[in-house]
Amino acid sequence: MGRARDILCANAAANLITNGGFETGDFTNWTIESNQGLSAVKADPHTGNFAATLTALTDGYLVQVVNTPATNCSLSFYLKGYQPRPSSAYLRVAFDQADYRGDIVDSAQLSSVGIAYQMFTGSFVGYGRPARLVFPFKWGDSSGNYFALDDVVATCVLP
C-alpha cells in the first residue's frame, strides 16, 4: 500500500496559479488589461479574505502567465455576478498559447452565473511552455456591480 500511495503522490501536481485566491489583497502575479477598468481585490470571498472584483465599462482582461507541463490539465474557479446585470456584461476564460487559443469553460455556462458563488471547471492541454490564462470580462455600466472571482486552481496530471 505504501508504494501505491507514493506513486499517486508523485503524480499529484501543485496549483499552477499563483495568488489564485487573491489573498495578497491585490493582483500580485496577475495583470489587468483594461480600458476604463474599475476592477479591484475586495473582501467578498468564496474562501479566505479576498476575491477579485471584475468590472469594466469596456473590454477588460485578467491575465496570468503559467508554466504548463506537456500533459492534460484542469482548471477550477468560483464565480458570482451581481444583479441586475447589463445585457452587455460577460466573463469568459481562455487558455492562450503561441499556437492555440480556446475557451476552457463554455461561455453559455458562465452567462448563467448567479448572485451566489458557483464552481466552474474545465480542461486544457499544456504544451510544456508558458501560456496565458485569460479571463476576458466586461460589465458595461458604472452601477458599481461586478463579477467576483475566487479560488482559481489549475493542476496537471504528471506522467
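In this structure, does Ser87 turn out to be outside any strand (DSSP E or B) and either under 14 Å from Asn145 (Cα atoms) or at pLDDT 85 or above (or both)?
yes
With respect to the conditions (1) at pLDDT 90 or above; (2) surrounded by 19 or more Cβ atoms within 10 Å (Cβ to Cβ); (3) part of a loop (DSSP other than H, G, I, E, B), Asn29 falls short on a single one, namely (2).
Could you grab me the full set of residues in region 101-134 that are modelled with pLDDT of 80 or more and in contact with a Gly (Cβ under 9 Å, 6 or more places away or on another chain)? If the condition is that a residue be modelled with pLDDT of 80 or more and in contact with a Gly (Cβ under 9 Å, 6 or more places away or on another chain), then Val113, Gly114, Ile115, Phe124 are the ones that fit. A single entry from Gly60, Gly37, Gly48 fulfils the requirement of being modelled with pLDDT under 90, small (Gly, Ala, Ser) and touching a Phe, Trp or Tyr at 6+ places or on another chain (Cβ under 9 Å): Gly60. In region 50-64 there is no residue matching the filter, namely being farther than 20 Å from Phe27 by Cβ and under 14 Å from the mean Cα position of the chain (by Cα).
Taking the conditions (1) under 18 Å from Pro136 (Cβ atoms); (2) buried (at least 19 other Cβ atoms within 10 Å of the Cβ) in turn, Cys73 satisfies each one other than (1). Every listed requirement among (1) outside any loop (DSSP other than H, G, I, E, B); (2) modelled with pLDDT under 90; (3) β-branched (Val, Ile, Thr) is met by Thr53 save one, (2). Only a single criterion out of (1) over 16 Å from the mean Cα position of the chain (by Cα); (2) closer than 20 Å to Val153 by Cβ; (3) modelled with pLDDT under 85 is not satisfied by Arg5, namely (2).
Among the residues of region 116-130, those that are under 19 Å from Pro69 (Cβ atoms) and in a loop (DSSP other than H, G, I, E, B) comprise Gly126, Tyr127, Gly128, Arg129. Select from region 90-100 the residues that are in a loop (DSSP other than H, G, I, E, B) and either small (Gly, Ala, Ser) or in contact with a Leu (Cβ under 9 Å, 6 or more places away or on another chain) (or both) and write down the one among them that is modelled with the lowest pLDDT. The selected residue is Ala98.
The values are calculated or read from the model by the stated rules, or taken from the named source; none is laboratory data. As the structure is a prediction and not an experimental result, all values here were calculated from the model. Every residue, glycine among them, receives a Cβ derived from its backbone with ideal geometry; neighbour counts consider all protein chains shown.
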